Amino acid sequence: MPYQRPILPVFPMRRNVVVDCRRTVEREFPLAQNAARRGRAVPRGFTLIELLVVIAIVALLLSILVPSLRKAKAAARRVVCSHNLRQVALAVDMYAHDYEGHYPCAQDPVSTNPPYWLWMGRGWRKWVQPYLSSIVDPNNPSILLCPADRTDPAKYESTSYSYSLAFYHSPEQIDSIDDKSLTYSNPKPSVPQGVTEVAFPAAKILIGEWNSNHQTIESDQGWWCWGGTRSFLFADGQVTFLKAESIRPARDDLPDANLTIHGIKGRDYAP
């Protein structure tokens, strides 16, 4: 007897039931239906745990990068400050060339209203002005302002660097001064000093930062305190970043380049 396929019972499904099921799925899972139609996976949002992990990673990266960025910014300011002093060195050299080899010299005080002395930044500014490429004044301090200087601009007229008194007073005059107050009260007559009279050009500070701009210290008194670090221009043209404690005591027992023992023939620093 030949094989005959069994006849399976057919259970008819009502068309409206299928339609209802499809509508229910589309209503409950619209994103899944749309994604399925486009052939893409269903997007899934961040969980709270994942979000917290991301925030923690970002915070960690910032804690590592921010100090490095601050150091890089501070180093860049130091470079600009050193460049300023090298530009000043060129201006002083040109001045000396035009004035028979003598450093800037004038009778103190160079201004009485407001009062200031030649060794102060706003004092010697006038003498190097002709050798700079632009007008230098409180509104345009140019190379006379260190980018790290936080001093009120009005206090020193936006000038960061001081000029050593020893370059316009004789060694004998300097050796007779033993108090810092005498650098701005009852001034001695100025005596021009020549480039050839510097006994130790690599050890005598010509011009330098007054404040410790690159290392904040409390009660900063400039060259009249033993704290902080400063950039200094030496008579031979080199610029060096030094701690105050590495400078030799002057006549007033301070790291005061104004009152270097033996003046222009003395040393402020012995590397």
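The values are calculated or read from the model by the stated rules, or taken from the named source; none is laboratory data. Nothing here was measured: the structure is a model prediction, and the numbers come from that model. Here the Cβ is made from the backbone with ideal geometry for all residues, glycine too, and neighbour counts use every protein chain on show.
List of remarks:
Here is a yes/no grid of residues against (1) surrounded by fewer than 17 Cβ atoms within 10 Å (Cβ to Cβ); (2) within 26 Å of T229 (Cβ to Cβ); (3) at pLDDT below 95; (4) not charged (D, E, K, R):
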{"site": "E50", "(1), (2), (3), (4)": "yes, no, yes, no"}
{"site": "K73", "(1), (2), (3), (4)": "yes, yes, yes, no"}
{"site": "A76", "(1), (2), (3), (4)": "yes, yes, yes, yes"}
{"site": "G101", "(1), (2), (3), (4)": "yes, no, no, yes"}
{"site": "W119", "(1), (2), (3), (4)": "no, yes, no, yes"}
{"site": "W124", "(1), (2), (3), (4)": "no, yes, no, yes"}
{"site": "S133", "(1), (2), (3), (4)": "yes, no, yes, yes"}
{"site": "V136", "(1), (2), (3), (4)": "no, yes, yes, yes"}
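- Looking only at the range 112-152, and only at residues there that are of a type in the set (S, T, Y) and not in a helix (DSSP H, G or I), the one that is nearest to W210 (Cα to Cα): T151
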